Amino acid sequence: MSDAMNKLVDSVEFNLVIFSFLLHFIWEFVQAPTYAGMIELNHWDGIKLCMSATFGDVGFALTAYWITSAIARSRSWVLHPTLNNLLLFLSVGIALTIGFEYYYTNISLRWTYSELMPLVPPFGTGLSPLLQWIIIPVLVLWFTRRQLPQTDEGARL
């Protein structure tokens, strides 16, 4: 593999995107029954909708990572995350989830929860997307950390 390809594959962002995509994509399918109309969609439309939501989740993960990196003043915080790093990363993802879920379920009405979705006050956010942004990011960070070379070289902002 070329040096440029090695550098890409060894980057936090590349690994974060790959693991985030894979895990969020699975979650999107598993939680499909908690959204109204998802079960009735034809197969291809369901895949497209889950894929779209997954791309949004990957964007949330990158945003949470970059904000945490800026505050930690290091892109390599993933290698040795502190509790503050982890809480910030999760908090950004949860805040984005609450904001986007509120917008899409109450303002644009792009989707609706089914009767299977427990709602969490005060904004009526679905429990499943909130759990998604607690469980999946922890796994993504774990997989990413295990995949990266254990060096801090060149990772400072």
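Here, each number is a calculation from the coordinates, and none is a lab measurement. On a predicted model such as this, the values are computed, not experimentally measured, just so you know. As a convention, Cβ positions derive from the backbone with ideal geometry for all residues, glycine included, and neighbour counts pool all protein chains shown.
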Residue-ordered couplings for segment 80-85, obtained by feeding phi - 60° into the Karplus form 6.51 cos²θ - 1.76 cosθ + 1.60 and rounding to whole Hz (Gly and Pro as x), are 9, x, 8, 4, 4, 4
What is the calculated FRET efficiency for Glu115 to Phe55, with r their C-beta to C-beta distance and R₀ = 35 Å, to the nearest 0.05?
-> 0.80
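Within segment 1-87, list the trypsin sites (Lys or Arg not before Pro) lying in a DSSP loop whose Cβ has at most 12 other Cβ atoms in a 10 Å radius.
Details: sites: Lys7, Lys48, Arg73, Arg75; in loops: Arg73, Arg75.
Within segment 1-87, the qualifying trypsin sites (Lys or Arg not before Pro) (loop, at most 12 other Cβ atoms within 10 Å) are Arg73.
Can you tell me which of 131-138, 35-42 comes out highest on packing, and rank the rest after it, using the mean Cβ neighbours within 10 Å?
Numbers: 131-138: 18.2, 35-42: 14.0.
Ranking, from highest mean packing down: 131-138, 35-42.
Can you give the FRET efficiency for Leu8 and Val30, using 1/(1 + (r/R0)^6), R0 = 30 Å, r = Cβ-Cβ distance, to the nearest 0.05? Present the calculation step by step, with values, prior to reporting the outcome.
Details: r = 30 Å, r/R0 = 1.00.
Working from the Cβ atoms, E equals 0.50.
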Farthest towards the positive end of the dipole of segment 79-157, among Ile98, Ser114, Gln132 and with Cβ unit charges of +1 on Lys and Arg and -1 on Asp and Glu, lies the Cα of Gln132
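Just in segment 91-130: which chymotrypsin sites (Phe, Trp or Tyr not before Pro) are loop by DSSP and have at most 13 other Cβ atoms within 10 Å? Numbers along the way, then the final one.
Numbers: sites: Phe100, Tyr102, Tyr103, Tyr104, Trp111, Tyr113, Phe123; in loops: Trp111, Phe123.
Those that pass, being in a loop and sparsely packed, are Phe123.
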Over all directions, average the projected area of the Cα convex hull of segment 9-157 and note it in nm².
-> 9.2
Cα centre as origin, Lys/Arg/Asp/Glu Cβ charges: the chain dipole, Debye = 360
Using Cα atoms only, what is the angle between the long axis of helix 12-30 and the major principal axis of the chain, expressed in degrees (0 to 90) to the nearest 10?
-> 20
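Enumerate by residue number the GluC sites (Glu not before Pro) in segment 84-157 meeting two conditions: DSSP loop (anything except H, G, I, E, B), and at most 13 other Cβ atoms within 10 Å of the site's Cβ. Working shown, then result.
Numbers: sites: Glu101, Glu115, Glu153; in loops: Glu115, Glu153.
Listed in order of number, the matching sites are Glu115, Glu153.
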